[in-house]
Amino acid sequence: VSRGRGFLLVVAAAAIAGIAAGAWVFGLLTAPAA
Amino acid sequence: VGLQSQGTRPSPPFTTVALYLLGVALVAAGITLLFLGMRAVMDIGGYCAEGGPYVIATPCPEGAPVATLLGIFGGLAGFFLAFWKGAEIGERATGVLFLAWPALFGALGFNFFQYGFDPPGDDPGWAWGWIVCGVVFWAMAFGPILLWWWSAATARRIPRRGAIPSPGPAPTRLEATWVARSAPRPRPGPAADPSAAFPLEMAGLDAAPPAPDLVDDLERLATLHREGALTDDEYARAKVQLLERPGR
């Protein structure tokens, strides 16, 4: 993997982790109170 | 860490890279919160209200206003953090952040289209107001990408022969555009020579093309010297050898 492509892969991984975290936080916020 | 974006620049510190990636993740999380918050509101018809002294006809879905606010301000904070730290890493690190724009407007535009073609409730028709919003959002998302692609395609057609030799890695297509555009333009006039149509040649860069292998060798030598692999004395001797090489 070239350095430029490796860099983009790491950034993409961070973005995907952020999407997962955002969806998780949204689930927490909108969960009906028990 | 191996996250170098410039030829000979040393790797940035780990904390810089970690904070940069945290910023990227926050931007993505912010856009996701906005995307999901928007869908929650569109599910109940597209508008809602919360708080205030009035009787509310359509209360907001539980958590959606907080998610939206968190998405906006968290995403902005993430963008500033990533831009700040990315500037210490290199141009590629800051450049990639601008993909957040098409990501944001592309995602929200997708919501407008989906709910516009299939609105909530029993109404079988299309919600034209949302479809129009979708068109506007997607124009905002993908218009800049099309412009960038077009300018890159134009840059490819300009010959690179005689361009200023770059000490770093090969220029990107966008940089090539800038180099070509920043060179003086040919003056239109009756004496204009058809071969002068290319700005780089007008800049006189092509008048005496240097032997490319010599330039490459000199650059490589300068890089080795800069990195400390060659002493001043060795560098000077090797340079003289290069310049006096037979065939020059």
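Listed values, structure above:
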| quantity | calculated |
| --- | --- |
| Inter-site label distance for A:Ala17 and B:Val132 at 7 Å from Cα along Cβ, in nm | 4.3 |
| Inter-label distance for B:Leu214 and B:Val55, nm, one decimal - labels placed 7 Å from Cα along Cα-to-Cβ | 9.0 |
| Length gained when the stretch A:Leu28-A:Arg3 is fully extended (0.36 nm per residue, less Cα-Cα span) | 5.3 nm |
| From the C-alpha gyration tensor of region B:1-101, square roots of 5λ in Å | 39, 11, 9 |
| Reference-scaled alpha-carbon Rg (2.2 N^0.38 Å with N residues) for region B:41-157 | 1.40 |
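Coordinate-derived values only; no laboratory data. Keep in mind it's a predicted model, so treat the numbers as computed, not measured. Note that we place each Cβ from the backbone using ideal geometry, even for glycine, and neighbour counts take in every protein chain shown.
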